[in-house]
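Trainee: Could you have a look at this structure, given as structure tokens, before my questions?
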Amino acid sequence: MDDIRPRCGWCNLSNPVYVAYHDAEWAVPSHDDHHLFEMLVLETFQAGLSWETILNKRKRFRQAFDGFDIERIRRYDENKIAELMNDPGITDRRKIVATVGNANAFRDIQTSYGSFDDYIWRFTGRHVIYETGMTTSPLSDAIAVDLKTYGMRFIGTTIVYAYLQSIGVINAHEPECFLHRER
């Protein structure tokens, strides 16, 4: 029997990858720096595209970006960038170059705060924010500005807001969704 539980309106029920992401990952608090970096890379590639498109290519991104190994990505040179540009699932040079720079900034933040987890969750005192119907907030505004001071690119307030949802800092499951919580 098909799972008929109500879900957020954005979740394409005919895409099992999307449903699994919605049900088991989106808005689930993450404290693993490797996962936090992976989601940051994917969210930056989402700029101008749909999240479903990126999610459907997630395995390809993992392959292309060496399993999101931050140390390897930090060392990418022009040859690796050219290789990625020839990958039909990747191709956007500006986002590839930003990913390399963002890996360096991510590492700088880890060095300053002990972990990226400690950095990102300090903005909310390690508490999950429950809100729906938003694409930006004063929180995402502040984090976007702060990340840019470390040199991160493709990190505007809308991307940061989506990132915060993807890593569970913000739980935005819609009221009709079986995963919705008020607190």
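The values are calculated or read from the model by the stated rules, or taken from the named source; none is laboratory data. Worth saying up front: this structure is predicted, and the values here are computed from it rather than measured. Cβ sites come from the backbone with ideal geometry, for glycine too, and all protein chains shown count toward neighbours. Surface accessibility is based on the protein's heavy atoms, side chains included, excluding ligands, DNA and RNA. Shrake-Rupley method; radii C 1.70, N 1.55, O 1.52, S 1.80 Å.
Trainee: Can you pull out every residue in segment 105-141 that is open to solvent by less than 50 Å² (accessible area, probe 1.4 Å), under 18 Å from the mean Cα position of the chain (by Cα) and more than 19 Å from HIS173 (Cα to Cα)?
Mentor: Those that are open to solvent by less than 50 Å² (accessible area, probe 1.4 Å), under 18 Å from the mean Cα position of the chain (by Cα) and more than 19 Å from HIS173 (Cα to Cα): ALA105, PHE106, ILE109, GLN110, SER115, PHE116, ASP117, TYR119, ILE120, TRP121.
Trainee: Let me ask something additional. State all residues of segment 58-75 that are open to solvent by 30 Å² or more (accessible area, probe 1.4 Å) and either at pLDDT below 95 or in a helix (DSSP H, G or I) (or both); if no residue qualifies, say none.
Mentor: LYS59, ARG60, ARG62, GLN63, ASP66, GLY67, GLU71, ARG72, ARG74
Trainee: Further, regarding this structure: What are the pairs with Cβ atoms under 6 angstrom where one residue, in segment 112-134, is closer than 26 Å to TRP10 by Cβ and the other, located anywhere, is among the acidic types (Asp, Glu) and modelled with pLDDT of 95 or more? Sequence gap at least six, or different chains.
Mentor: Note: pairs meeting the criteria are THR132/GLU174.
Trainee: Residues that are basic (Lys, Arg), within 16 Å of the chain's Cα centre (by Cα) and either under 20 Å from LEU36 (Cβ atoms) or open to solvent by 60 Å² or more (accessible area, probe 1.4 Å) (or both): does segment 172-183 have at least one?
Mentor: Within segment 172-183, the subset basic (Lys, Arg) is 181, 183.
In the following step, the residues that additionally are within 16 Å of the chain's Cα centre (by Cα) were identified as none.
The answer is no; no qualifying residue exists.
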